[in-house]
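Participant: I'd like to ask some things about the structure below.
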Amino acid sequence: MNYNVNEKGYYGEFGGAFIPEMLYPNVEELRQNYLKVMAEPDFQNEFNQLLKDYVGRPSPLYFAKRLSEKYNTKIYLKREDLNHTGAHKINNTIGQILMAKRLGKTRIIAETGAGQHGVATATVCALMGLECIVYMGEIDIARQAPNVARMKMLGAKVVPALSGSRTLKDATNEAIRDWINNPVNTHYIIGSAIGPHPYPDMVTRFQAVISEEIKWQLKEQEGRENPDYVAACIGGGSNAAGTYYHFLHEDNVKIIAVEAAGLGVDSGESAATSVLGKEGIIHGCKTLLMQTNDGQITEPYSISAGLDYPGVGPMHAHLCKTGRAEFMSITDDEAMKAGLELCELEGIIPAIESSHALAIFSQKEFKPDDVVVMSLSGRGDKDLQNYIDYFKI
Amino acid sequence: MNRINQKLQEDKKLLSIYFTAGYPNLNDTVSIIQDLERNGVDLIEIGLPFSDPLADGPTIQGSSTQALKNGMTTEILFDQLKDIRKSVHIPLIIMGYFNPMLQYGVEDFCKKCQEIGIDGLIIPDLPVDVYHEEYQATFEKYGLINVFLITPQTSDERIRYIDSVSNGFIYMVSSASTTGAKSGFGDEQTQYFERIGTMNLRNPQIVGFGISNNQTFTQATKYAKGAIIGSAFVKHVTNEGVHSIDSFVKSILE
C-alpha cells in the first residue's frame with residue numbers, strides 16, 4: 001500500500017485539485033515546480049540553514065520520565081513547541097517562502113485560525129522582506145488578540161474574514177478569493193496539509209523534518225530508529241503529516257491520530273472529522289469532511305482553534321480509510337486535563353492542540369516497554385487565557 | 001438538439017442572467033425564471049447555493065448564505081423546478097459547486113436535470129480533466145451540456161483542450177477575479193477578447209464577470225456571442241425586490 005501522494009495528486013481516493021479555472025495557472029505552476037525546486041541543492045542548503053540557525057532545529061526529542069512513570073510506558077515528546085514562533089508551523093512557512101521567492105512571487109497571503117500559522121507566515125515575510133496579508137475570521141481575531149498583535153508587529157496586514165461563520169474555514173475561503181484576484185504576483189502559503197494538490201504533499205514534505213529527526217534522535221536514545229507508536233493531534237493535519245512521514249511505510253510503527261471531539265462526538269459540537277465526516281470537497285481537495293446531507297459544509301467546534309476545522313488533510317483521510325492510522329477523539333475536558341497534567345509532571349505548558357494528543361494516555365493502554373513518540377506541536381503561551389478561564393486560575 | 005445549441009444558432013447577441021435559487025425568498029425561484037424569460041432574457045443560470053462559494057465575491061456569497069438560511073436544498077430546488085418546462089422555453093443551466101452534486105450523486109443529479117428539462121451545468125470547481133475522465137459520459141447520457149470557464153491567464157493549449165471537451169459554449173471570464181469584483185473593461189480585456197476571437201474555437205464564447213449595465217453588455221458582446229450578468233442582477237433583486245425584474249432587463253437591452 002502506498003500512503004504517499006501518487007502522480008495524479010491523490011492519496012487513494014482522496015486529494016486531487018478541485019479548483020476554479022481562475023486558480024489553475026497558479027496551482028499548475030506550483031505543481032510543475034515544487035519537487036524540482038525542493039531538490040535543488042541551493043534550496044536545500046538555504047532551507048536547512050534557516051531551520052538550524054533561525055528556527056532552532058533540531059528540536060529536542062525529550063524522554064518524559066514522570067509522564068512515562070505515571071502511564072507505565074515510555075513516552076518521548078518531540079518538542080516542536082521550542083521552535084521559533086512556538087509551534088511546528090514555521091517549518092512549512094520557511095519552506096514555502098523560499099519556494100515563493102524562487103517562483104518570483106512578491107506578495108504572500110495566508111489564512112489563520114488561532115493565529116499560529118499567521119504569525120509563522122508574518123515572521124518569514126519579515127525575514128525575506130515580502131508583503132504579507134493574513135486572512136483571519138472576525139471571530140478568531142476577537143479571541144486571539146495577542147497573535148493579531150504579533151502579526152501586526154511583524155508587518156503583516158490582518159484582514160478580517162467577514163463571510164460565513166467568520167472562522168478558519170472562511171479565512172481560507174477569503175485567502176483563496178484573494179489568490180483568484182491576484183494570480184500573477186502572489187503566493188498562497190497554506191498552513192495545513194490541505195488544499196489542492198500539490199499543497200498537501202508540499203506541506204507534508206516541509207514538515208517531514210519532524211520525523212526525519214525523530215529517527216536519528218531515537219536511535220541515539222533507544223538504539224532503534226522506529227518507535228512502537230507515533231502520535232499527533234490533527235486539525236488539517238500538518239504536524240501529524242510531518243510526524244508520520246518517515247514512518248508511513250514502516251509496518252512495525254503504529255500511527256495514532258488524535259482529533260478534537262469538542263463537547264463530545266455526538267454532542268453536535270465537535271470537530272471529529274473521521275467519525276462525523278463523509279467524503280466531500282473542501283478548499284480544493286477531496287477528503288473527509290463534516291457536512292450536511294445536502295453537501296453544505298458545517299461548522300465544527302473545539303476549544304482548540306487549531307483543531308477547529310471541518311475537514312482533514314487527504315493523506316489522513318486515506319490513513320483513516322485504509323486503517324493505517326488509529327483515529328481517537330478527545331473532548332475539551334480530557335484535553336485540558338492532560339494539558340495541566342503535563343505542566344505539573346514535566347514543567348511544560350502545551351498548546352491546547354497538543355494537549356489533545358497527550359490525553360490519549362488516559363484513554364488507551366500502552367505496554368511498559370512500548371516506545372511512544374508524541375509530537376508536542378506547540379507551546380501554550382497563546383492559550384493562556386483559555387487555560388485561565390477553564391481552570392479559573 | 002439541446003436548447004442551448006439551438007439558442008446559440010440564433011442570429012443575435014445573447015443575454016444570460018444568473019440568480020441564486022432561494023433568494024431573496026425560498027419560493028421565488030419559478031417566478032424569477034418566468035419574469036426573466038418574459039422580459040427577453042435568452043438563457044438563465046440557476047444558482048444552487050453553497051456554503052463555501054470560493055469563486056464568488058460578497059454579493060453572491062451573501063445571496064447564497066441567505067438562500068441556505070431560507071432552507072434551500074438540492075431536493076427543494078428540483079421540486080420547485082419540476083413543472084418549469086410547462087411555462088418556460090429558454091435554456092436553463094444550473095450553476096453550482098461540486099460538493100452538493102457529489103452528495104446528491106452525480107448520476108442521480110444529471111438524471112434529475114434531464115427529467116426537469118435542465119439543459120446544462122456550470123460547476124466552477126470541477127476541473128475539465130476530472131470531468132473528462134470521470135463524468136463526461138454521464139453528462140452526455142442525460143443530454144447535459146457542461147460549460148467551462150477560461151480566464152485571461154488560461155494558456156492557448158488549455159483553451160484548445162477545453163474547447164475540445166465542450167459542446168455548447170465557453171464561459172469567458174473577463175478578468176482574473178471573483179464574481180462582482182470589477183466592473184467595466186479596459187485594454188487588457190479587449191486584447192484578451194480579441195486573442196480568443198482569433199483562435200477560431202469550435203464553441204462560441206459568452207463573457208461573464210464585470211458586466212452590469214447596457215454599456216458593458218454592449219462592449220462584451222462586440223467580441224462574443226453573449227454576456228452573463230450575475231452579481232449586478234442579484235444586487236438589483238436585493239435593492240428593488242423581485243417585482244422590478246422588467247426594469248433591470250430593459251436597462252441592459254435598451
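Participant: How much FRET efficiency would the formula 1/(1 + (r/R0)^6) give for B:Tyr142 and A:Val184, where r is the Cβ-Cβ distance and R0 is 45 Å, rounded to 0.05?
Facilitator: Efficiency for this residue pair is about 0.70.
Participant: Okay, moving on. Near the amide H of A:Lys254, under 5 Å away, which other amide H atoms are found, from residues 5 or more places off or on another chain, if H is placed in the peptide plane?
Facilitator: Sorted by chain and number, the residues that satisfy this are A:Tyr229, A:Val230.
Participant: Ok, one more. Where does chain B land at 222 nm, in deg cm²/dmol rounded to the nearest 500, when only DSSP H runs of n ≥ 4 count, each adding -39500 (n - 2.57), divided by all residues?
Facilitator: For chain B, the value works out to -12500 deg cm²/dmol.
Participant: Near B:Val242, within a Cβ-to-Cβ distance under 9 Å, what is the net charge of the other residues, with Lys and Arg +1 and Asp and Glu -1?
Facilitator: Its environment carries a net charge of -3.
Participant: Return the average number of partner chain Cβ atoms within 10 angstrom of each residue Cβ along peptide B:55-64.
Facilitator: Mean number of neighbouring Cβ atoms from other chains: 3.
Participant: What does the structure give for B:141-154 when I average, per residue, the other chain Cβ atoms found within 10 Å of the residue Cβ? Display every interim value, and only then the final one.
Facilitator: Details: counts 0, 0, 0, 0, 0, 0, 0, 1, 4, 3, 8, 3, 9, 4.
The per-residue average across the peptide is 2.
Participant: Let me ask something additional. Within 10 Å of each Cβ in A:176-188, how many Cβ atoms from other chains are there, averaged over the peptide?
Facilitator: Other-chain Cβ atoms within 10 Å of each residue's Cβ, averaged: 4.
Participant: Give me the one-decimal nm value for the distance between modelled label points at A:Glu40 and B:Lys12, 7 Å along each residue's Cα-to-Cβ direction.
Facilitator: It works out to 5.6 nm between the two label points.
Participant: Right, something else. In region A:8-52, which trypsin sites (Lys or Arg not before Pro) are in a loop and have at most 14 other Cβ atoms within 10 Å, using DSSP for the loop call?
Facilitator: In loop regions of region A:8-52 (DSSP not H, G, I, E or B), the sparsely surrounded trypsin sites (Lys or Arg not before Pro) are A:Lys8.
Participant: Next question, about the same structure. Going by Cβ distance under 4.7 Å, what cysteines of chain A have no possible disulfide partner?
Facilitator: That list is A:Cys233, A:Cys285, A:Cys320, A:Cys343.
Participant: For the modelled label position 7 Å from the Cα of A:Asn293 along Cα-to-Cβ, which residues of region B:83-102 have backbone nitrogen atoms closer than 19 Å?
Facilitator: Within reach of a label on A:Asn293, which here means backbone N under 19 Å from a point 7 Å along Cα→Cβ, region B:83-102 contributes B:99-102.
Participant: Straight-line reach from A:Lys169: which lysines have Cα under 22 Å away, leaving out those fewer than 8 places along the same chain?
Facilitator: Within the straight-line limit of under 22 Å, A:Lys169 reaches these lysines: A:Lys89, A:Lys152, A:Lys157, A:Lys278, A:Lys286, A:Lys382, B:Lys69.
Participant: Can you give me the long-range amide H partners of B:Asp125? Hydrogens built in the peptide plane at 1.01 Å from N, cutoff under 5 Å, separation of 5 or more residues or another chain.
Facilitator: Close amide H contacts, sequence-distant or interchain: B:Phe98.
Participant: If you don't mind, there's one more thing I want to ask. How large is the translational diffusion coefficient of region B:3-253 in µm² per second when you combine the Kirkwood radius over alpha carbon pairs with Stokes-Einstein at 10 °C and 1.306 mPa s?
Facilitator: The diffusion coefficient I find is 88 µm²/s.
Participant: Related question: Mind listing the long-range amide H neighbours of A:Gly195? Cut-off is under 5 Å, sequence gap 5 or more, other chains count too, H placed in the peptide plane at 1.01 Å from N.
Facilitator: Here A:Cys285 satisfy the definition.
Participant: Report, ordered by chain and residue number, the aspartates and glutamates lying within cross-link reach of A:Lys65, taken as a straight Cα distance under 16 Å and ignoring same-chain residues fewer than 8 apart.
Facilitator: Cross-link targets: A:Glu222, A:Glu341, A:Glu344, A:Glu346, A:Asp369, A:Asp370.
Participant: Within 14 Å, Cβ to Cβ, of B:Arg38, how many net charges do the neighbouring residues add up to if Lys/Arg are +1 and Asp/Glu are -1?
Facilitator: Taking every Cβ under 14 Å from that of B:Arg38, the sum is -3.
Participant: Test of understanding: express the Cα radius of gyration of chain A as a ratio to 2.2 N^0.38 Å, with N the residue count.
Facilitator: The value comes to 0.90.
Laboratory data are not the source of any read-out in this text; all were calculated from the coordinates shown. Bear in mind the structure is a predicted one, so any value in this text is a computation, not a measurement. Because the Cβ atoms are built from the backbone with ideal geometry, glycine has one as well, and the counts that use them run over all protein chains shown.
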